[in-house]
Amino acid sequence: MHELAEVWTRKRGLAWIAVTAILYALVLIPFNQVHWDIAGIPIRPAAALTVVFGILCGPAAAWGFGIGNIAGDLSGSWSLMSIIGFLINVLYPYVSYRLWHRLMRGHELRVDKFSLGRFFLVTFVATLVCMALLALGGTVFFGRPFESKFIGYFANNIIWAMLAGPVVFCLIFDRAVRNGWVYGREWDRLKQSLPLQYS
């Protein structure tokens, strides 16, 4: 069973889905209420959380952020495009999780120059791919202009993810790993191979 499906069968996975969904919605909703936007694209400081919690909670964060995004849209910006937004908000943290763990294989998982460099790389690649898919979905299904929407989506998310994301990463990563506030098969594999690091 793929871990994106398996997470729904595990109590710990369900708990992390709930935690990440609530956290994401709490950050999204206030900004949806005031309707601040740039070129029609809502300002999204919640983008600072996506890669960080994707790395930490993998499939649970994927579903949590997807659900949290729906909750945020229902608070003031719901449209049929929200369905595509849900799918992208599932994909974005999950891509970050898989890519970061692949790049970090063979390296100690702690905040240092190497892991921070990989964090920036993962943030750029995951944001580029997912915002391109979001803009493409809008073009294919709703006739929205691809180029202008992609630039707006990418710029809005990459700014928050690159500036505030590393701050969040540095503040919580080591503590999260040390206390077991992580979820996903990649973390399970690491716990088996490096048990002392997680004790």
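When LEU171, LEU121, LEU133, LEU109 are checked against the criterion of being touching a residue at least 24 places away in the same chain (Cβ under 8 Å), out of contact with any Asp or Glu (no Cβ under 6 Å at 6 or more places or on another chain) and assigned to a helix (DSSP H, G or I), LEU133 stands alone in meeting it. Taking the numbered list (1) modelled with pLDDT of 95 or more; (2) out of contact with any helix residue (DSSP H, G or I) (no Cβ under 7 Å at 6 or more places or on another chain) in turn, PRO30 passes all entries but (1). Do we have any residue at all in the range 74-88 that's modelled with pLDDT of 95 or more and within 18 Å of PHE169 (Cβ to Cβ)? No, that holds for no residue.
In the range 1-27, the residue that is surrounded by the fewest Cβ atoms within 10 Å (Cβ to Cβ) out of those that are at pLDDT 85 or above and touching a Ser or Thr at 6+ places or on another chain (Cβ under 9 Å) is ALA25. Within the range 139-146, the presence of a residue that is part of a helix (DSSP H, G or I) and buried (at least 20 other Cβ atoms within 10 Å of the Cβ) is excluded.
Residues in the range 51-101 that are assigned to a helix (DSSP H, G or I), over 22 Å from ASP188 (Cβ atoms) and among the polar types (S, T, N, Q): ASN69, SER82, ASN89. Residues of the range 175-190 that are loosely packed, with under 15 Cβ neighbours inside 10 Å and in a helix (DSSP H, G or I): ARG175, ARG178, ASN179, ASP188, ARG189. Is one or more of the residues making up the range 12-35 of a type in the set (Gly, Ala, Ser), in a helix (DSSP H, G or I) and more than 22 Å from ILE172 (Cβ to Cβ)? Checked against the condition, which is being of a type in the set (Gly, Ala, Ser), in a helix (DSSP H, G or I) and more than 22 Å from ILE172 (Cβ to Cβ), the range 12-35 yields no hits at all.
Given the criterion in contact (Cβ under 8 Å) with a residue 24 or more places away in the chain, buried (at least 16 other Cβ atoms within 10 Å of the Cβ), out of contact with any Phe, Trp or Tyr (no Cβ under 8 Å at 6 or more places or on another chain) and assigned to a helix (DSSP H, G or I), identify the matching residue among PHE150, PHE154. The match here is PHE154. Just one of the listed residues (ARG118, ARG98, ARG144) is among the basic types (Lys, Arg), at pLDDT below 95 and either farther than 22 Å from TRP63 by Cβ or under 17 Å from the mean Cα position of the chain (by Cα) (or both), namely ARG144. All of (1) assigned to a helix (DSSP H, G or I); (2) surrounded by 22 or more Cβ atoms within 10 Å (Cβ to Cβ) hold for ARG44 with one exception: (1).
The values are calculated or read from the model by the stated rules, or taken from the named source; none is laboratory data. Treat the numbers as computed from the prediction; the structure is a model and nothing was measured. Cβ atoms come from the backbone with ideal geometry, glycine included; neighbour counts cover every protein chain shown.
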